[in-house]
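**Student:** One structure, as structure tokens, below. Some questions next.
The values are calculated or read from the model by the stated rules, or taken from the named source; none is laboratory data. None of the values given here were measured: they were computed from a predicted structure. Neighbour counts run over all protein chains shown; Cβ positions are idealised from the backbone, glycine included. The accessibility values were calculated without ligands, DNA or RNA, using every heavy atom of the protein model including side chains. Shrake-Rupley method; radii C 1.70, N 1.55, O 1.52, S 1.80 Å.
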Amino acid sequence: MRRTVISFAALLTATFVRTATAAELEFDHVWIVVTRDAPERAALERAGLKISPNVNCHDGQGTASISAEFLNAYIELIWPDPTVSVEQGAARGVEKFKNRMNWRTSGWCPIGIALHRTGSATPLPFPTWTIAPDWMPKGTAIEILTARDDTKSPSFFIEPPVLAVKEKAKSDTASPASDHPIGVERITEIRIVKPKAYQPVAAFTYLENAGIFKSSEGTEWSDRGERHVRSSRESSGRAQREADEIQWAVEVTFDAGRKTQTKDLRPDLPLIIHY
């Protein structure tokens, strides 16, 4: 299905512009695994984003989270929390979250991309599996696209309809858009910056080809003794350390980047925002 050409003004009122897929999937939200109680939230607040006051406890899953909400999506900071219950048989899932939390040393990816369906549950062209922890509504499940034994890829998963983000109107009195000091409203693009050595799995390639996100390789450069990760689409004018392994990052663009501003939240969070 060919993408429709729209004006810049129309783009700012769109939810999230992408091509349609056979499975009719849309971006829902992005999470980053952080340390207990998310002290990394300070990086979001310094960048001009407001954190919602509630802490979400995922009973049975052993995790908790906080989020910054927008009209069509949200950014979630999630962590393994020893005060939250873990149901029988779910210990392996908690261990995965711990490995993602320790991404700087473990080599795991700390990023998760949530999707929701806009149509019927069309089968995907690769194996998936499901989880239904205690915190979820009975009779629902999350469909996970990343293989159980994958220790390198982002977590890709599909939310059930009851948990999917519902687009909010700008006039909605409950809208969080006007609460953000930098005035952002909608997420309009996601880009995953991946290590040069990473070989995309079937789910990664499928979702990228479907327009859910874009990706680029990152390279590492050194300045005044500090190490930094840069997307390969950027030009630093400095010597690039092409052979070095880099860490993952996610770039989030708000409102089609209408203010032409960028804030890099690394090293506190593997996150770059454009607005």
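**Student:** What's the center-to-center distance, using Cα atoms, between the range 253-267 and the range 68-141 in Å?
**Tutor:** 26
**Student:** Which of the trypsin sites (Lys or Arg not before Pro) found in the range 25-122 are loop residues per DSSP with 13 or fewer other Cβ atoms within 10 Å of their Cβ?
**Tutor:** Arg36
**Student:** Could you derive backbone 3J(HN,Hα) for the range 35-42 from the dihedral phi with the Karplus parameters 6.51, -1.76 and 1.60 (θ = phi - 60°), listing whole Hz in sequence and x where the residue is Gly or Pro?
**Tutor:** Working through the residues one at a time gives 7, 3, 6, 6, x, 5, 4, 4 Hz.
**Student:** Near the amide H of Val34, under 5 Å away, which other amide H atoms are found, from residues 5 or more places off or on another chain, if H is placed in the peptide plane?
**Tutor:** Placed amide hydrogens put Ile78, Trp79 under 5 Å from Val34.
**Student:** Using a 1.4 angstrom probe with every protein chain in place, what is the largest-first accessible-area order of Ile144, Ile273?
**Tutor:** Greatest to least solvent exposure: Ile144, Ile273.
**Student:** Also: How would Glu217, Glu143 rank on accessible area, largest to smallest, probe 1.4 Å?
**Tutor:** I get Glu217, Glu143, largest accessible area first.
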